[in-house]
There are 2 protein chains.
Amino acid sequence: MGYPKIRRELSRTSFDLSLYLVLDPELCGGIAGMVSTVYEAVERGVTCVQLRSEKEVDKRYWYDAGLLLKALLEDYDVPLIVNDHIDVALAIDADGVHVGQKDLPADVARRLLGPNKILGLSVGSIYEMEQVELQDVDYVGIGPVFATSTKKDARKALGVEGLSMIAAQRDIPKVAIGGINIDNAASVMKSGVDGIAVVSAICGQADIASATRRLASIVRGENE
Amino acid sequence: MGYPKIRRELSRTSFDLSLYLVLDPELCGGIAGMVSTVYEAVERGVTCVQLRSEKEVDKRYWYDAGLLLKALLEDYDVPLIVNDHIDVALAIDADGVHVGQKDLPADVARRLLGPNKILGLSVGSIYEMEQVELQDVDYVGIGPVFATSTKKDARKALGVEGLSMIAAQRDIPKVAIGGINIDNAASVMKSGVDGIAVVSAICGQADIASATRRLASIVRGENE
């Protein structure tokens, strides 16, 4: 394992989207499972962690989970992003927030977060990409690329071609999301995105360390 | 109707809990239904309005509903309290927030809200009442007094006697909640609380104006 690195100051421009882990408490097996997943995964190449729950959970649960994950991630150069709940992000002093099209508008989120937190926004069409306010939003999550089982309200899959078309619209950091796994990750990385976001390709895997290592290797182009 | 009153500055000490309306979007018939309910009810004696949703709704829905309700209530001396979601409350500049025992802790909520917003906390036992941090919390909601259908995770009913015992513990503004209606409101008002919180006794009633007038009259002790 080695000693934890000294944490450099994370900022709105210095984050790394290349292997973006979206944690789901149900898929990971609760708070303890999320902590052990993150611990295994950040040592093997995950560059960004988002806390998200498909199922509704109490704010106290988000808060407890968030405090633990933040304490763990503070030893690494890996930002913790909270999905949707800006109050939880502020409460635990997370590094950022990710909002969807049905969450608080990006300009409102930016106002609540202040100038220094990372703000991500989900986009699923060329129109939504065109609407992104670059002064507020630091990166976009484009998807779903493929059909996904971990997000019930997900829209129709874009495919790699649709992803490429949306990605080409704007000059902003981009991460692809939705059904990405070891088999299709290489093709996704060729579509003009800066990284891949995964849920079940890491969460709930029998060997999290190995799964993460293989994904990290693909992201770095080592398998081509 | 008359002209809207000039709004005095609402503060953490000047609010009136006597007839506290908890709005549920499903019970009221969506955003339009909530707006019309509030419009009818504030003219007939409702002194405080909380936006709450039993069913999970998107943050954008809370935000849109909250902005409309705030615009409406700004013409009255009636504060708008947002249940649970501090980010929504901050986004719409609501007058306050109400948190439950499973939401963000009261001290964290106070830190996020700043010193001037109203903060309410749900308590359901003498123990929880004893734990209330008076420097952070401005009022408590005690309940459920009676069995309620509008909150699925509600605990066992306290009865008026249980309510009285909890209310007697601490010197803080108190509102009773849970199954309160025109038939039992008078008995609840004798238990040492400052007011009653109602959901279905106003929301979804065929004649909201009449239901509110009758409840307001009971709260003022006019029916005794």
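No lab work stands behind these numbers, since they all come straight from the coordinates. Source: prediction; values computed, not measured. Cβ placement follows ideal geometry from the backbone for every residue including glycine, while neighbour counts extend to all protein chains displayed.
What Kirkwood radius, in Å to one decimal, follows from the Cα pairs of chain B?
Over chain B, the inverse of the mean reciprocal pair distance is 17.2 Å.
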Distance histogram in 5 Å bins (all Cα pairs of region B:79-194, percent per bin): 2, 12, 23, 22, 20, 14, 7, 1
Which whole-number percent is the relative contact order of chain B (Cα, under 8 Å, 6+ apart)? 21 percent
Within region B:113-224: Cβ-based charge dipole about Cα centre, in debye rounded to nearest 20 (Lys, Arg +1; Asp, Glu -1): 300 debye
For region B:44-118, state which trypsin sites (Lys or Arg not before Pro) are in a DSSP loop and have at most 10 other beta carbons lying within 10 Å of their beta carbon. B:K55
Whole-Å distance, taken between Cα centres, linking region B:58-135 and region B:175-214: 21 Å
Please identify the GluC sites (Glu not before Pro) of region B:108-143 that satisfy two criteria: DSSP loop assignment and at most 16 other Cβ atoms within 10 Å. Which are they? B:E133
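Could you tell me how many cubic angstrom of Cα convex hull volume the protein assembly as shown has per residue?
154 Å³
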Isotropic mean projected area of the C-alpha convex hull, region A:27-110 (nm²): 5.5 nm²
Gained length - A:E54 relative to A:I126, 0.36 nm times residue gap less alpha-carbon distance: 23.4 nm
Would you mind checking the pairs A:K102/B:K55; B:K70/B:K156; A:K102/A:K156; A:K55/B:K152; A:K102/B:K151 and listing those with alpha carbons more than 22 angstrom apart? B:K70/B:K156; A:K102/B:K151
Trypsin sites (Lys or Arg not before Pro) lying in DSSP loop within region B:190-220, provided at most 16 other Cβ fall within 10 Å: B:K190, B:R220
